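What follows is one structure encoded as structure tokens, with my remarks underneath.
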Amino acid sequence: MILESILTVSIFIVTLVLIFSDKINRSIAALGGAVLMVLTGLILGFYSEEEAVATLDTNTLGLLLGMMMLVALLEPTGFFQYLAVWVARLSKGHPVRLLVLLGAVTSLVSMFLDNVTTVVLIAPVTILICEIMGLNPQPFLISEALLSDTAGVATLVGDPPNVLIASAADFSFVDFLTHSLPIVVVVWFVALLTIRLLFRKDLAATPEYPDAILELNPDEALKDRKAAIKVLYVIGGAILLFLLEEILHISPAFIALGAAAAGLLLIQPDIKVLLKRIEWDVLLFFGALFIMVGGMEQAGVMGAFSTLFTMGKGLSPVVLGLILLWVVAIASAFIDNIPITIALIPVILNLASTGINPNPLWWALAFGAGFGGNGTIIGSTANVVVVSLSERTRHPITAATWNKRGLPVMLATCTAASILYVLLYPWLSR
């Protein structure tokens with residue numbers, strides 16, 4: 001299996017290089033890698049089409065699709081813009097208060113909806129608010145991305161790696177609330193304090209027009225109040241069902257798709273327009289990665305990685321978890337955390353089959369993947385979106401600017417998470 005392992009790892013690495021080269025769409029690169037992986041498997045006889053299809057995690061894909069549809073229903077109502085303007089007025093023109101409030105709202109929404117979509121909708125309004133007040137938008141945009149990435153780790157639906165981990169580990173929505181949320185709350189405040197310290201000079205500047213924000217009317221940003229209320233009720237119902245999923249014995253994917261169906265019945269939008277808002281490329285990206293990792297697993301690559309981790313079996317389980325957390329965090333700063341998570345899931349499953357308790361390792365993977373993405377621009381899709389939007393302003397965010405802020409936040413949050421991981425290890429082991 002040496003030849004098969006070398007070829008499959010080579011395909012995966014080349015695909016990752018293409019994904020982050022910006023020369024080709026990441027979904028097209030991933031799809032090409034998946035086709036090449038299956039073709040290699042067919043020629044060498046270690047991976048069939050049926051096995052490739054079986055690797056697709058329908059629970060993950062269904063959950064993502066359902067949540068995307070709910071976001072697509074809520075987006076045109078103007079609800080996100082309404083929230084941004086409302087908190088801006090609440091800040092009364094005080095820069096620090098504005099940063100905290102915008103960051104908190106973005107984080108709260110990101111715990112239940114896709115953080116990339118949340119940033120895409122709130123960041124432009126943030127830029128407008130800063131222009132009206134005469135403020136540099138950099139601190140606010142960067143903080144929204146960093147805090148959104150951090151808060152997304154708190155819930156099952158808050159971050160794509162969490163969805164993947166929950167499906168593989170059979171974790172429920174409640175499991176994330178009881179195990180991840182308490183740690184994320186502390187880490188979020190650590191991130192906020194670090195951001196406040198890093199941007200102290202920018203936030204000390206007096207706005208040119210501090211009272212201008214009071215002239216904005218949040219109601220004008222809300223385009224369809226009735227539709228927004230209906231969708232929010234549906235999302236609230238979905239969250240309630242997520243909390244009861246273990247009692248009702250229904251999957252998160254079924255809940256999300258059911259909620260999406262209920263939203264469609266209540267709103268009855270133009271289905272063609274709505275389907276255009278769905279991030280089909282993201283679903284394709286996920287599916288292709290599942291197939292590629294499945295090929296590496298069939299070739300014995302994941303078994304080899306599991307053996308390497310098993311060699312550290314003599315280490316304390318806490319130390320093993322910390323190593324995983326930091327390795328994943330560092331890797332996530334330079335490579336999107338989604339392929340890293342998909343690649344490591346079979347490794348942890350293999351470790352579980354050797355008698356190692358996998359639960360703490362799952363949480364270490366979640367924390368490393370979630371907090372590590374803050375380190376660089378390319379570590380998170382939300383980071384890339386914010387940087388792209390900042391290029392329309394007089395203060396574009398450069399890689400150097402991000403590294404000076406994002407890297408310290410990553411180190412601070414991962415350090416805080418490591419301390420809490422050690423202190424709460426017995427609880428995370430359950």
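The values are calculated or read from the model by the stated rules, or taken from the named source; none is laboratory data. Please read these numbers as outputs of a predicted model, since none were measured by experiment. Ideal geometry is used to build each Cβ from the backbone, glycine not excepted, and the neighbour counts take in all protein chains shown.
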Can Gly263 be described as under 30 Å from Arg89 (Cα atoms) and at pLDDT 90 or above?
-> no
Here the qualifying pairs (Cβ atoms under 7 Å; residues six or more apart or on different chains; first in the stretch 30-47 and free of Cβ contacts under 8 Å to residues at least 24 places away in the same chain; second not in a helix (DSSP H, G or I)) come out as Leu42/Ser48
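I'd like the residue in the stretch 382-420 that is charged (D, E, K, R) and in contact (Cβ under 8 Å) with a residue 40 or more places away in the chain and, out of all such residues, is surrounded by the fewest Cβ atoms within 10 Å (Cβ to Cβ).
Taking the stretch 382-420 first, the residues charged (D, E, K, R) are 391-392, 394, 404-405.
In the following step, the residues that additionally are in contact (Cβ under 8 Å) with a residue 40 or more places away in the chain were identified as 392, 404-405.
On the way: Arg392: 10, Lys404: 12, Arg405: 21.
By that ranking, first place goes to Arg392.
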Considering only residues of the stretch 354-392 that are more than 19 Å from the chain's Cα centre (by Cα) and at pLDDT 85 or above, which is nearest to Ala329 (Cα to Cα)?
-> Pro360
Answer yes or no as to whether Met302 is in contact with a Pro (Cβ under 6 Å, 6 or more places away or on another chain), modelled with pLDDT under 90 and in a helix (DSSP H, G or I).
-> yes
Residue check for Thr341: surrounded by 20 or more Cβ atoms within 10 Å (Cβ to Cβ) and among the β-branched types (Val, Ile, Thr) = yes
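Go through the stretch 268-287 and give me each residue that's hydrophobic (A, V, I, L, M, F, W, C), over 19 Å from Ala253 (Cα atoms) and in contact with a Leu (Cβ under 9 Å, 6 or more places away or on another chain).
Restricting attention to the stretch 268-287, the residues satisfying the condition of being hydrophobic (A, V, I, L, M, F, W, C) are 271, 273-275, 278, 280, 282-286.
This time we only want the ones that are over 19 Å from Ala253 (Cα atoms), so: 271, 273-274.
Ile271, Leu274, listed by residue number.
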Which residues, counting only those in the stretch 75-104, are of a type in the set (A, V, I, L, M) and modelled with pLDDT under 90?
-> Leu83, Ala84, Val85, Val87, Ala88, Leu90
Pro182: passes all of (1) under 16 Å from the mean Cα position of the chain (by Cα); (2) assigned to a helix (DSSP H, G or I) but (1)
Only unsatisfied item for Thr354, checking (1) in contact with a Lys or Arg (Cβ under 9 Å, 6 or more places away or on another chain); (2) crowded, with 24+ Cβ neighbours inside 10 Å, is (2)
Residue pairs qualifying under the 8 Å Cβ cut-off, at least six apart or on distinct chains, with the first in the stretch 270-288 being within 13 Å of Val71 (Cβ to Cβ) and the second being assigned to a helix (DSSP H, G or I) and among the acidic types (Asp, Glu), are Arg277/Glu75
Failed condition for Ser107, given (1) closer than 30 Å to Asp219 by Cβ; (2) in contact with a Pro (Cβ under 9 Å, 6 or more places away or on another chain); (3) buried (at least 19 other Cβ atoms within 10 Å of the Cβ); (4) at pLDDT 90 or above = (2)
Hits in the stretch 421-430 (condition: farther than 13 Å from Ala366 by Cβ and touching a residue at least 12 places away in the same chain (Cβ under 8 Å)) | Val422, Leu424, Tyr425, Trp427, Ser429, Arg430
Inspect all residues belonging to the stretch 367-376 and state whether any of them is part of a helix (DSSP H, G or I) and of a type in the set (S, T, N, Q).
-> no
Can you confirm whether the stretch 414-428 contains a residue that is touching a helix residue (DSSP H, G or I) at 6+ places or on another chain (Cβ under 7 Å) and farther than 28 Å from Ala168 by Cα?
-> no
Could you list all residues from the stretch 147-184 that are more than 23 Å from Pro408 (Cα to Cα), of a type in the set (S, T, N, Q) and touching a helix residue (DSSP H, G or I) at 6+ places or on another chain (Cβ under 7 Å)?
-> Thr155, Asn162, Ser167, Ser172
Going through the stretch 379-430 in order, the residues found to be of a type in the set (S, T, N, Q) and either part of a helix (DSSP H, G or I) or under 12 Å from Ile142 (Cβ atoms) (or both) are Ser380, Thr381, Asn383, Ser388, Ser390, Thr398, Thr401, Asn403, Thr413, Thr415, Ser418
Out of the stretch 9-26, which residues are surrounded by 20 or more Cβ atoms within 10 Å (Cβ to Cβ), of a type outside the set (A, V, I, L, M) and touching an Asp or Glu at 6+ places or on another chain (Cβ under 9 Å)?
-> Arg26
Out of the stretch 129-167, which residues are outside any helix (DSSP H, G or I), of a type in the set (S, T, N, Q) and more than 20 Å from Ala204 (Cβ to Cβ)?
-> Thr155
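Give the residue, chosen from Glu246, Glu208, Glu220, that is outside any helix (DSSP H, G or I) and surrounded by fewer than 19 Cβ atoms within 10 Å (Cβ to Cβ).
The unique qualifying residue is Glu208.
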